[in-house]
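Only one structure is covered here, and it is reproduced in the block below.
Where a number appears in this text, it was derived from the coordinates with a stated rule and is not lab data. Please read these numbers as outputs of a predicted model, since none were measured by experiment. FYI the Cβ positions are ideal-geometry reconstructions off the backbone, even for glycines, and counts take in every protein chain you see.
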Amino acid sequence: MEQSLLTRLDRAARRLGLSRSAYLARVVGREVGAGTGPGRDPRVRKALADIDRLVRRNPPPAGFDVTVAIRRMRDTR
């Protein structure tokens, strides 16, 4: 894969607070899995697109690790 494409891929993943693998899984899931599961419902796809748009407009701070944050919240219960 071209380095410029990897750079764009990593940038897109970072904007969503995802690893490269998680981002690729999301993209591939949408591409090949849209015909089955909840992703086939246009309302669900719209809701997911809205969430993606919100994250793009309000990116997490540099160095923010969503996994760590979720584990902290979980462990305080």
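Counted residue by residue at 0.36 nm each, then reduced by the alpha carbon distance between them, the extension gain from VAL66 to ASP10 reaches 18.5 nm.
Could you calculate the contour length gain from ARG56 to ASP75, that is, 0.36 nm times the residue separation minus the distance between their Cα atoms, to one decimal place in nm?
Between ARG56 and ASP75, full extension yields an extra 4.1 nm.
Helices from the chain with mean Kyte-Doolittle at least -1.0 and a Cα length along the axis of 15 Å or more, per DSSP H: which? Correct list, ordered by number: 3-15, 20-33, 42-57.
The distance between label points at VAL27 and MET1 comes to 0.6 nm (points 7 Å beyond Cα on the Cα→Cβ vector). The Cα-based radius of gyration of segment 3-75, divided by its Kirkwood radius, gives an Rg/Rh of 1.01.
Here the sum of -39500 (n - 2.57) over DSSP H runs of 4 or more residues, divided by the residues of the chain, equals -22000 deg cm²/dmol at 222 nm, to the nearest 500.
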